[in-house]
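J.: First the structure, which I've put down as structure tokens, then a few questions once you've had a look.
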Amino acid sequence: MPPAVCSPRRPATSRSRTPRVSRTRSVLFNLYWAGWTGLFAFPLVVLAALGSPARPIRAFTRLWSRGILFGLHHIIGLTYVEEGRDRIPSGPCLIVANHQSAWETLAFLTLVPNVAIVAKRELVAIPIVGWFLKRSPMIIIDRANGTQALRIMIDESRAAIGQGRSILMFPEGTRGEIAAPVQFKRGVELLYAKLGLPVLPVAVNSGLYWPHGGSRHKPGTVVVSYLSTLAPGLTGAEFMRGTQGAIDSELDRWREPRARTVDPALQAI
């Protein structure tokens, strides 16, 4: 009987190593995030005790945001590129963007300095983050209050515009998967009608590298795509087609063919 021949063990492939490397880098980045944020805790307490005005607080937070993006770049290998930045209006505008991860919330603090972000009240309970939202100040709304929340959003947006700040809103109201169709809440349409500002739609594909609900980060390049601006005074249908529809179409660049969908409401326009 011929001797049994044992097949040589196949060396581990780069594909099999990738999940482990990704997991390790994510753990290292989360530790970096915690440490970097901890460095800012004491200065923020000092600023609060001294009653610091909002502008230095926003500048301080931009530094924190840049540090987080630095960590993503050098630990995870996650960078970003901006397309169409020349489309950003020189004065205050209403920025509407899709929301897939925490990345865009952090990045916009740097990409659009002094922006006023519309944020849900639940975020106020998060240590440091809540303090920053109130002192910046950002536009904090309690979605459970319905009409009153809309009134507060409009009034505080007008106050921010009076200070020369642009307004940033994630009209989906929550983070979504890149494969899911973009669907805006109707509050953004009302805000557009009341403010009379030009609108800058922005599409981001951060969900490819920082999936919703996950702590695992992936290397790659987030694309921030500034789309064509919209003038004030459009009808609701025109506004939705130029924002929700345009962003959804732009995201098709990164979707699998089977995941490409069109909102029936926009098809009927």
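J.: How many nm is it between the label spots at VAL46 and ALA102, if each spot is 7 Å from the Cα in line with the beta carbon?
T.: 2.5
J.: Right, another one. What is the sum of charges, Lys and Arg at +1 and Asp and Glu at -1, for the other residues whose Cβ falls under 10 Å from the Cβ of VAL224?
T.: On the way: positive: ARG85; negative: GLU82, GLU83, GLU104.
It works out to a net charge of -2.
J.: Between THR24 and ARG66, what is the spin-label point distance in nm, taking each point 7 Å from the Cα along the Cα→C-beta axis?
T.: It is 3.1 nm.
J.: Which lysines have a Cα less than 26 Å from the Cα of LYS120, not counting those fewer than 8 places away in the same chain?
T.: LYS134, LYS185, LYS194
J.: So which GluC sites (Glu not before Pro) in the stretch 141-220 are both in a DSSP loop and have at most 16 other Cβ atoms within 10 Å of their Cβ? Present the calculation step by step, with values, prior to reporting the outcome.
T.: Values: sites: GLU156, GLU172, GLU177, GLU189; in loops: GLU172, GLU177.
In loop regions of the stretch 141-220 (DSSP not H, G, I, E or B), the sparsely surrounded GluC sites (Glu not before Pro) are GLU177.
J.: What number comes out for the charge environment of LEU111, summing +1 per Lys or Arg and -1 per Asp or Glu over other residues with Cβ under 15 Å away? Display every interim value, and only then the final one.
T.: Values: positive: ARG58, ARG62, ARG66, ARG85, ARG87, ARG165; negative: GLU82, GLU83, ASP86, GLU104.
With Lys, Arg at +1 and Asp, Glu at -1, the neighbours total +2.
J.: Modelling each spin label as a point 7 Å along the Cα-to-Cβ direction, I'd like the ALA231/ARG151 distance in nm, to one decimal.
T.: Result for the modelled spin labels: 3.4 nm.
J.: Something else about it: What's the FRET efficiency of ARG87 with ARG143 using the Cβ-Cβ distance as r and R₀ = 35 Å, to the nearest 0.05? Could the numbers behind the result be given before it?
T.: On the way: r = 30 Å, r/R0 = 0.85.
After rounding, the FRET efficiency stands at 0.70.
J.: Tell me the mean residue ellipticity at 222 nm calculated for the chain from its helices only (DSSP H runs of n ≥ 4, each -39500 (n - 2.57), averaged over every residue, nearest 500). Spell out each step's value before the answer.
T.: Working: 9 runs with 111 residues, N = 269.
That comes out to -13000 deg cm²/dmol.
J.: Calculate the length of the line joining the C-alpha centroid of the stretch 206-243 to that of the stretch 126-173, in whole Å.
T.: Each part reduced to its Cα centre gives a spacing of 19 Å.
J.: Let me make sure I get this right: for the stretch 150-230, a, b and c are the square roots of the gyration tensor eigenvalues over alpha carbons, sorted descending. Under 1.5 in a/c it's rounded, otherwise prolate if a/b > b/c, else oblate. Which is it? Walk me through the numbers before you get to the answer.
T.: Working: a/c = 2.21, a/b = 1.96, b/c = 1.13.
Here the stretch 150-230 falls in the prolate category.
J.: What's the FRET efficiency of ALA179 with ALA54 using the Cβ-Cβ distance as r and R₀ = 45 Å, to the nearest 0.05?
T.: Details: r = 38 Å, r/R0 = 0.85.
The computed FRET efficiency comes out at 0.70.
J.: I need the fraction of alpha carbon pairs in the chain separated by more than 27 Å, rounded to a whole percent.
T.: Values: 15748 of 36046 pairs.
The share of Cα pairs beyond 27 Å in the chain comes to 44 percent.
J.: Let me ask something else about it. Would you mind checking which residues have amide H under 5 Å from ILE140's amide H? H placed 1.01 Å from N; only 5 or more apart, or other chain.
T.: The list, which skips near neighbours in sequence, is ALA119.
J.: What number, in percent, do you get for the relative contact order of the stretch 27-267 if the mean sequence gap of Cα pairs under 8 Å and at least 6 apart is divided by its residue count? Don't skip to the answer; put the middle values down first.
T.: Numbers: 374 pairs, mean separation 60.6, N = 241.
Here the relative contact order equals 25 percent.
J.: Right, another one. How long is the stretch 50-126 along each principal axis, judged by its Cα atoms, biggest number first, in Å?
T.: Projected onto its principal axes, the Cα set of the stretch 50-126 covers 37, 32, 24 Å.
Since every read-out is calculated from the coordinates, none of them should be taken as a lab result. Here the structure is a predicted model, which means the values were calculated and not measured. All Cβ positions, even for glycine, are placed from backbone atoms using ideal geometry, and neighbour counts span all protein chains on display.
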